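Take a look at the structure set out below.
The values are calculated or read from the model by the stated rules, or taken from the named source; none is laboratory data. None of these values were measured; they are calculated from a predicted model. Counting neighbours? That spans all protein chains shown, and the Cβs are built from the backbone with ideal geometry, glycine included.
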Amino acid sequence: SRMNIGQILELHLGVAAKKLGIKVMTPVFDGASDDEIIDALKEAGLDEDGKTVLYDGQTGEAFDNRISVGVMHYMKLAHMVDDKIHARSIGPYSLVTQQPLGGKAQFGGQRFGEMEVWALEAYGAAYTLQEIMTYKSDDVRGRNKVFESIVKGQAIPKPGVPESFRVLVKELQALGLDTKVLNGKGQEVRMAQMDEDDN
């Protein structure tokens, strides 16, 4: 997914320019054509495919295949670990979704995306996934109950209703759609009932 054909072409044109003692500048999306690069390589006395024979540094034997060797412009990226490292135990939550905020600047949490969820599902790590999707995310009452249980030294209760589900219900109501949550017997369960300490 990170292929960059222009990098290879720049490599060939760069080695030809170095050999000829000239400087080359090509505009973006309007650079040198394949034929122009081949002509430059020929003029520099190099093979038109831009490849050369390389030798093993220990044995001195030539490698089986010829390899692309060239000159390319590169620049140092100013990405430093100290600027990027980030950790969070507690922190701010979104007012609407009640999920942790994102990004280091907001002292946010680490996003656990769709593909990461698939990975945990594949491993069968159901309880880890449940914790991430409820207590550590937008199950407000569940968060409070977990804290209370830890303080009192009790067993952690089952999770409640995620705030994102409540937001979805409210958005559907705003569209004029009434939704009902049914239990396994087909009986309607109200949100207030879900929040009660029956677990």
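Values computed for the structure shown
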item	result
Considering residues of segment 19-38 that are surrounded by 14 or more Cβ atoms within 10 Å (Cβ to Cβ) and of a type in the set (Gly, Ala, Ser) only, the residue nearest to the chain's Cα centre (by Cα)	Gly31
Among the residues listed as Gly113, Gly109, the single one being under 15 Å from Gln99 (Cβ atoms), within 34 Å of the chain's Cα centre (by Cα) and exposed (fewer than 10 other Cβ atoms within 10 Å of the Cβ)	Gly113
All positions within segment 39-81 that are modelled with pLDDT of 90 or more, within 39 Å of the chain's Cα centre (by Cα) and within 16 Å of Val24 (Cβ to Cβ)	Gly50, Gly70, Val71, Met72
Boolean, Tyr74 is closer than 28 Å to Met191 by Cα and either outside the structural domain of Glu171 (by TED's automatic domain parsing) or of a type in the set (Phe, Trp, Tyr) (or both)	no
Residue in segment 2-18 that is in a strand (DSSP E or B) and either under 24 Å from the mean Cα position of the chain (by Cα) or surrounded by 11 or more Cβ atoms within 10 Å (Cβ to Cβ) (or both) present	no
Where Gln193 falls short, out of the listed (1) modelled with pLDDT of 90 or more; (2) closer than 27 Å to Leu95 by Cβ; (3) not aliphatic (A, V, I, L, M)	(1)
Residue, surrounded by the fewest Cβ atoms within 10 Å (Cβ to Cβ), within segment 66-90, restricted to residues that are among the small types (Gly, Ala, Ser) and in contact (Cβ under 8 Å) with a residue 12 or more places away in the chain	Ser68
Search result, residues across segment 151-189 that are in contact (Cβ under 8 Å) with a residue 24 or more places away in the chain, part of a helix (DSSP H, G or I) and among the β-branched types (Val, Ile, Thr)	Val167
Where a residue in segment 22-34 is at pLDDT 85 or above and its partner, wherever it lies, is assigned to a helix (DSSP H, G or I) and surrounded by 10 or more Cβ atoms within 10 Å (Cβ to Cβ), with Cβ under 6 Å and at least six apart	Val24/Leu13; Val24/Ala17; Ala32/Leu13
